[in-house]
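Before any comments, here is the structure.
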Amino acid sequence: MRIHKPLLALFALGLAAGQVLANDCEVEIAGDDMMKFSKTEITVPSSCEEVKLTLTHSGKLPVNAMGHNWVLAETANWREIAQSGQTAGLEKEYLPDDKGAIIAYTELVGGGESTTITFDLSDLDKSTEYTYFCSFPGHWVQMNGKFIIE
Ligand code: CU
């Protein structure tokens, strides 16, 4: 069997160029007892098909006092979601019943806990602005950041 070497090399090169390191599509962020996220900005490559996000609560306070979640929405919508989520109560994890405008969200975690979600990036658009936030009452004011696809 004859293998056409130059073609094979081109094929291997093409694979390497088109591949993204899986690590680039994995994001870690923490929330603490001071009502702060460890990042004010998250950037992921547009070539990621999906993003795996882990939220860790690095503090000690329980979920009902200092719960944190990670909610992603278009920047145009996030404040409205945050405001309607505030009155939803702990059992609904401070999220509105209508989740149509929410792109992705984690469960609420308390001190020492962590949670991981995976969501599709292929549905999102580079030219749209996205914001992530914690929907626990009052937290979203300072617990928010930009989610950038580049
Ligand atoms: Cu929070």
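Assorted remarks:
- Single match in Thr128, Thr115 (criterion: open to solvent by less than 80 Å² (accessible area, probe 1.4 Å), in a strand (DSSP E or B) and of a type in the set (Val, Ile, Thr)): Thr115
- One residue stands out in the range 44-73 among those that are more than 14 Å from Thr115 (Cβ to Cβ) and of a type in the set (Ser, Thr, Tyr): the one that is farthest from the ligand (Cβ to nearest atom), namely Ser47.
- When the criteria are applied in full, Glu41 meets the requirement of being modelled with pLDDT of 90 or more, among the acidic types (Asp, Glu), loosely packed, with under 11 Cβ neighbours inside 10 Å and more than 12 Å from the ligand (Cβ to nearest atom).
- Within the range 33-55, being assigned to a loop (DSSP other than H, G, I, E, B) and in contact with a Cys (Cβ under 6 Å, 6 or more places away or on another chain) holds for one residue alone: Cys48.
- Counted residues, the range 108-150 - those being within 17 Å of Ala65 (Cβ to Cβ) and more than 12 Å from the ligand (Cβ to nearest atom): 2
- The single condition from (1) open to solvent by less than 30 Å² (accessible area, probe 1.4 Å); (2) in contact with a Pro (Cβ under 8 Å, 6 or more places away or on another chain) that Met66 fails is (2).
- Of all residues making up the range 56-73, the number that are more than 24 Å from Asp98 (Cα to Cα) and either of a type in the set (Lys, Arg) or not in a helix (DSSP H, G or I) (or both): 7
- Subset of the range 131-150 that is open to solvent by 40 Å² or more (accessible area, probe 1.4 Å) and more than 16 Å from Gln83 (Cα to Cα) - its residue that is modelled with the lowest pLDDT: Glu150
- Filter result for the condition that a residue is assigned to a loop (DSSP other than H, G, I, E, B) and away from the ligand (no atom under 15 Å from the Cβ), over Ala104, Ala76: Ala76
- Qualifying residue in the range 60-69 (condition: under 17 Å from the mean Cα position of the chain (by Cα) and polar (S, T, N, Q)): yes
- The range 85-107, residues that are under 18 Å from Asn64 (Cβ atoms) and open to solvent by 70 Å² or more (accessible area, probe 1.4 Å): Thr87, Glu91, Lys92, Glu107
- Candidates Trp78, Trp70, Trp140: the one that is among the aromatic types (Phe, Trp, Tyr) and closer than 20 Å to Asp24 by Cβ is Trp70.
The values are calculated or read from the model by the stated rules, or taken from the named source; none is laboratory data. Quick caveat: nothing in here was measured; it's all calculated off a predicted structure. Methodologically, a virtual Cβ is constructed for each residue, glycine included, from the backbone with ideal geometry; neighbour enumeration extends over all protein chains shown. Note: accessible area is taken over every heavy atom of the protein model, side chains too, but ligands, DNA and RNA are not part of it. Shrake-Rupley method; radii C 1.70, N 1.55, O 1.52, S 1.80 Å.
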